[in-house]
Amino acid sequence: MPLPLSVFKKKPCAYDVTIFQTPRYGEKKGYKVVYRTELDGSNHQEVLKRAFSTFNVFDTVPNDYQARFMATGDVILIDEGKRGKTYYKLLSTGWSKINRLIVQAT
């Protein structure tokens, strides 16, 4: 008897997500933390998709979010505690994993 595919799917969990933006769109330096939250997802790609859709639609942006809509060049950190931290940068072709990000202290 074959097992259903749902047996192998990872259950959704909450990921600690931090959004970094430059003060003005298109800048290459000066990234600062603009928002931190938890987003549910089964994997990083699902969380990145959810973050983009949440922070780019006026009706879904949290009330306490004071930054601009997400755009090319923005960075998201997914922190999984003991499992590590992973940074992704939004490119015109989609999200791309990057090594790390140097952030200016505020």
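Annotations
- Pairs of Lys in region 11-98 closer than 19 Å at Cα, counting only those 8 or more apart or on different chains: 15
- Counted charge near D16, where neighbours are those whose Cβ lies closer than 13 Å (Asp, Glu -1; Lys, Arg +1): 0
- Using the alpha-carbon positions of region 11-98, Rg (one decimal) and Dmax (whole number) come out as 12.4, 37 Å.
- Segment K97-V61, extension gain: residue separation times 0.36 nm, minus the distance between their alpha carbons: 10.6 nm
- Sparsely packed loop sites in region 13-63 (the trypsin sites (Lys or Arg not before Pro) outside DSSP H, G, I, E and B with at most 15 other Cβ atoms within 10 Å) comprise R24, K28, K29.
- Remark: region 66-77, residue by residue, has Karplus-estimated 3J(HN,Hα) of 10, 8, 6, 4, 5, 8, 3, x, 5, 10, 10, 9 Hz, where x stands for each Gly or Pro and the curve is 6.51 cos²θ - 1.76 cosθ + 1.60 at θ = phi - 60°.
- For Y65, no residue whose modelled amide H falls within less than 5 Å of its own remains once neighbours fewer than 5 places apart on the same chain are excluded.
- Averaging Cα coordinates gives a centre for region 67-100 and one for region 10-26; these two points are 6 Å apart.
- Residues S96, S42, ranked from the fewest to the most other C-beta atoms within 10 Å, line up as S96, S42.
- Each Lys and Arg contributes +1 and each Asp and Glu -1, all at the Cβ; summed about the Cα centre of region 11-98, the dipole is approximately 400 debye.
Every number in this text was worked out from the coordinates using simple rules, so none of it is lab data. Everything quoted here is computed from the prediction, not taken from an experiment. Here the Cβ is made from the backbone with ideal geometry for all residues, glycine too, and neighbour counts use every protein chain on show.
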